Amino acid sequence: MSLTLTLAIDLDDDGTYAASNSDLTSYLLTATWQSGLEQPTPGIAPDSQAAFTLNNASQRFSPENSSSPLAGLLTTGKRIRLQITTTSGTVTLWQGWLESVTLSPGSTG
């Protein structure tokens, strides 16, 4: 069985995730997400959360890179969606909104 993860951001704010440069999958290094109750006891579920680590070697996601095709587009509130596709179909694993972009230096600074 083939599994494919897809990470996309809705750059046009139209719910389609179809704008040019919306597919972030090729830059995805790690993904962690949580939704629903953390414990099997009754209560209120916390807000779902996710964190994605993207390869930024080209500085594509760096806010100070004005020549990036994403310059000025990675703003808070943009919808993000993580999906998995199998031979059975596509399932959305997580969806939410961009809260922040945090840059971390790599091994070469």
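The values are calculated or read from the model by the stated rules, or taken from the named source; none is laboratory data. Not measured: the values here are computed from a predicted model. Note that we place each Cβ from the backbone using ideal geometry, even for glycine, and neighbour counts take in every protein chain shown. Just the protein is used for accessible areas: all its heavy atoms, side chains included, with ligands, DNA and RNA removed. Shrake-Rupley method; radii C 1.70, N 1.55, O 1.52, S 1.80 Å.
Scanning for something out of contact with any helix residue (DSSP H, G or I) (no Cβ under 8 Å at 6 or more places or on another chain) and under 17 Å from Leu93 (Cβ atoms), does region 53-69 turn up at least one residue? Within region 53-69 (the criterion being out of contact with any helix residue (DSSP H, G or I) (no Cβ under 8 Å at 6 or more places or on another chain) and under 17 Å from Leu93 (Cβ atoms)), the answer is yes, since at least one residue qualifies.
Scan the strands (runs of 3 or more DSSP E) fully inside region 40-109 and keep the ones with 1 or more residues being out of contact with any His (no Cβ under 6 Å at 6 or more places or on another chain) and on the phi > 0 side of the Ramachandran plot.
Values: elements: 49-54, 79-86, 89-97.
Fully inside region 40-109 and qualifying: 89-97.
Annotation note: Cβ proximity below 7 Å between a residue of region 68-85 that is more than 10 Å from Asp10 (Cβ to Cβ) and in contact (Cβ under 8 Å) with a residue 24 or more places away in the chain and a residue that is β-branched (Val, Ile, Thr) and outside any strand (DSSP E or B) (sequence gap 6+ or interchain) occurs for Leu74/Val101. Restricting attention to region 50-84 and to residues that are open to solvent by 50 Å² or more (accessible area, probe 1.4 Å) and β-branched (Val, Ile, Thr), the residue that is nearest to the chain's Cα centre (by Cα) turns out to be Thr53. For Ala45, the criteria (1) farther than 19 Å from Ser26 by Cβ; (2) open to solvent by less than 60 Å² (accessible area, probe 1.4 Å); (3) at pLDDT 95 or above; (4) not polar (S, T, N, Q) hold in every case but one, which is (3).
Filtered by the rule that a residue be open to solvent by 40 Å² or more (accessible area, probe 1.4 Å) and not in a helix (DSSP H, G or I), region 16-31 gives Thr16, Ala18, Ser20, Asn21, Asp23, Leu29, Thr30. For the list (1) in contact with a strand residue (DSSP E or B) (Cβ under 6 Å, 6 or more places away or on another chain); (2) of a type in the set (Ser, Thr, Tyr); (3) more than 16 Å from Thr102 (Cβ to Cβ), I need the number of the one condition that Thr16 fails. Every condition holds for Thr16 apart from (1).
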